[in-house]
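The values are calculated or read from the model by the stated rules, or taken from the named source; none is laboratory data. On a predicted model such as this, the values are computed, not experimentally measured, just so you know. Backbone-built Cβ (ideal geometry, glycine too); neighbour counts: all protein chains shown. To get the accessible areas, we keep the full protein, side chains included, count just its heavy atoms, and leave off ligands, DNA and RNA. Shrake-Rupley method; radii C 1.70, N 1.55, O 1.52, S 1.80 Å.
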Amino acid sequence: MRLPDPGQAGTLDDLVAALRLLKAWSHDTSYAVITRIVNDRWRRAGRPLSELTRKSTVAGYFAFGRSRLDEELLVAIVLALRTDDEYAERWRHALRAIRAQVTASASAFIDARCDLPSAPEGFIGRHAELRRLANLSGAGGTVLIQGMPGVGKTWLAMHAAHRLLSSSADEFIQLVADLRGFAAEAPPACPSAVLGRFLRHLGLRREQIPRDLAARAEVYRALLRDVRVLVVLDNAADEKTVAPLIPDSPHQNVVITSRVRLTGLRDAAHIHLTALDPAESLDLLRCVVGGTRIDAETAAAGRIAARVGQHPLALSIVGRHLRQHPDWSVGDYARPVTLALAGGVRSALAVSCRGLPAGTRRVLRLLALHPAQDVGYHAVAALLDTDLTTTRGHLRVLVDAHLVRQPSAGRYVLHELVRGYAVELLGLEERASQVRAAMTRLFDYYRRTAAVAVSRLGRDGEEGHPSRRQANLPRVPDAADDPWRWMADEHANLLLMTALAADRGRPGLARDLATALWRYQCAIGAVRPRPRSSEVAHHPARAAHSGLEEFLREEDVPEETA
């Protein structure tokens, strides 16, 4: 394995990626060993105990999405992995070069302009969103386009803005700013500085521009009160940044993009941008790669699109790789999520995760342990070993950050790319013992809750009267309150957990889960021979139960020891 070259790093994430490669090169030295070597070296150099580092701090240097790295600790970690002073100094110089680039970017000209950049080429789909944006633009006002990183918010905003200008006979004052709310390296734009640039575009001389933010906002709104104005504010982090930049005019059209929900914007219309549909995903690949190659392997292209969750940025990354490797077939891409993460999605997600509370980041990591996409919050609480109120709070933060989707009350979905990134975080930030404990709690939750649910399904006979063993089980609210609904919602997850338990050598657990599924199937036929159409929608085909009956008829296998 080649020794990584820190000089090739252009960002902190690139430097972290090189550091992870160096750790692999050193036979994957543990964080505990690295910490001990660093502290031993620093003790010999005379450092006081208060300045020694901790294992969690060292492990954090291998995590993406960092906003800074301490120069001395980075060099010490490199020396712990490879005892070569000259090589370690190359890491110091690489970090200094990245810092200089960030400083120059932060102090450079604010990216605020008085005309729209060129319309994005190769814009695909989004017909419903464009129609809604056109209707909202006709009435004027403020529109917030929100969604997960890389889903195409900026492209949609710019495309819609160009359509508004071309379809209107009126002349618009155009003001555009990149607020850098979630930039990987540069700091967020200061609203006062953006306003200063806007006022210069509107004709004020430097000495006419007030110094404080409130006065600048007042002058800005007075100048735009009676004119047609189009303001595009891209990549906003919070309401405080964008509020001073919104004019107070009946003729305004303001388009804001953000990765988070900005609930504090009064009277703003919200558009939640989700992934492309399968047909649009193929169109995007055709646009990037060329129609001939995609049409020749449509099925394989469809599988790639599905594996990356129809995500526009991920599809563009895979498409560019295909275009740069004409000797590769579409079917060669067995791990498109890995390619997409390495191509830029990882950095985008890392920036979104950077500002999350530590407990919320842990929820995201542990969610990746669940084998299903659609998860109930009771199962998440079991993974975390915490109460439901705390669990819902963390999930609410993830939903607001568009890292987790909430399709219905109490249900949460993890996007394929977010799952891939969360799996990487698991290896960096969770001990193996913690992962095993979380999985044990999850298995126990499904085993106990399924037993409670099936014991309450029937109205008559054995299915309606739990056995003495089941009657002693603790009350599980989500199953006891509506067992039919719980079994319907968790049916697919129970199948997955049964298979996972069998794969992990836990036959007793697999048998208990399979028994609950079989009793549920029996209850469907015996208790509700003619289920309502709404219930049928929640039950997969009876063929989904194939193999369960045979599994239950196998010889009894003693439960594994705890």
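The table below gives the values:
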item: Odd one out for residue 17 among (1) over 28 Å from the mean Cα position of the chain (by Cα); (2) assigned to a helix (DSSP H, G or I); result: (1)
item: Selection count, segment 270-316, where residues are under 24 Å from residue 131 (Cβ atoms), open to solvent by 50 Å² or more (accessible area, probe 1.4 Å), in a helix (DSSP H, G or I) and not aliphatic (A, V, I, L, M); result: 4
item: Matching entry among 91, 155 (being of a type outside the set (Ser, Thr, Tyr), touching a helix residue (DSSP H, G or I) at 6+ places or on another chain (Cβ under 7 Å), at pLDDT 90 or above and assigned to a helix (DSSP H, G or I)); result: 91
item: Search result, residues across segment 359-418 that are open to solvent by 20 Å² or more (accessible area, probe 1.4 Å), of a type outside the set (S, T, N, Q) and either in a loop (DSSP other than H, G, I, E, B) or in contact with a Cys (Cβ under 9 Å, 6 or more places away or on another chain) (or both); result: 361, 369, 371, 385, 387, 409, 415
item: Residues satisfying the stated conditions in segment 488-520, i.e. open to solvent by 40 Å² or more (accessible area, probe 1.4 Å) and of a type in the set (Asp, Glu); result: 489, 503, 512
item: Number of the condition not met by residue 29 [criteria: (1) in contact with a Leu (Cβ under 7 Å, 6 or more places away or on another chain); (2) assigned to a helix (DSSP H, G or I)]; result: (2)
item: Residue tally, condition out of contact with any Leu (no Cβ under 7 Å at 6 or more places or on another chain), aliphatic (A, V, I, L, M) and either part of a strand (DSSP E or B) or open to solvent by 20 Å² or more (accessible area, probe 1.4 Å) (or both), over segment 174-188; result: 3
item: Count of residues meeting criterion [free of Cβ contacts under 8 Å to residues at least 60 places away in the same chain, open to solvent by less than 10 Å² (accessible area, probe 1.4 Å) and not in a helix (DSSP H, G or I)] in segment 62-88; result: 1
item: Segment 474-486 - residue that is closer than 24 Å to residue 387 by Cβ and either crowded, with 17+ Cβ neighbours inside 10 Å or touching a Gly at 6+ places or on another chain (Cβ under 9 Å) (or both) and, of those, modelled with the lowest pLDDT; result: 476
item: First in segment 326-340 and under 19 Å from residue 313 (Cβ atoms), second anywhere and open to solvent by 70 Å² or more (accessible area, probe 1.4 Å) and part of a helix (DSSP H, G or I), Cβ under 7 Å, 6 or more apart; result: 336/307; 337/307
item: Residue in segment 393-406 that is at pLDDT 90 or above, over 22 Å from residue 309 (Cα atoms) and of a type outside the set (Lys, Arg) present; result: yes
item: Residue match in segment 141-158 (condition: of a type outside the set (D, E, K, R), open to solvent by 30 Å² or more (accessible area, probe 1.4 Å) and farther than 16 Å from residue 272 by Cβ); result: no
item: Subset of segment 317-336 that is surrounded by 20 or more Cβ atoms within 10 Å (Cβ to Cβ) and under 23 Å from residue 126 (Cα atoms) - its residue that is farthest from the chain's Cα centre (by Cα); result: 319
item: Test: residue in segment 245-261 that is closer than 17 Å to residue 191 by Cα, modelled with pLDDT of 90 or more and open to solvent by 20 Å² or more (accessible area, probe 1.4 Å); result: yes
item: Among residues of segment 197-230, those that are assigned to a helix (DSSP H, G or I) and without any contact (Cβ under 8 Å) to a residue 40 or more places away in the chain, counted; result: 16
item: Given (1) within 30 Å of residue 141 (Cα to Cα); (2) in contact (Cβ under 8 Å) with a residue 24 or more places away in the chain; (3) loosely packed, with under 15 Cβ neighbours inside 10 Å, number of the condition residue 265 does not satisfy; result: (3)
item: Segment 435-470: number of residues that are modelled with pLDDT under 90 and open to solvent by 70 Å² or more (accessible area, probe 1.4 Å); result: 7
item: Exclusive hit being over 25 Å from residue 349 (Cβ atoms), modelled with pLDDT of 90 or more and touching a helix residue (DSSP H, G or I) at 6+ places or on another chain (Cβ under 6 Å), set 58, 38; result: 38
item: Segment 231-250: number of residues that are part of a helix (DSSP H, G or I) and aliphatic (A, V, I, L, M); result: 3
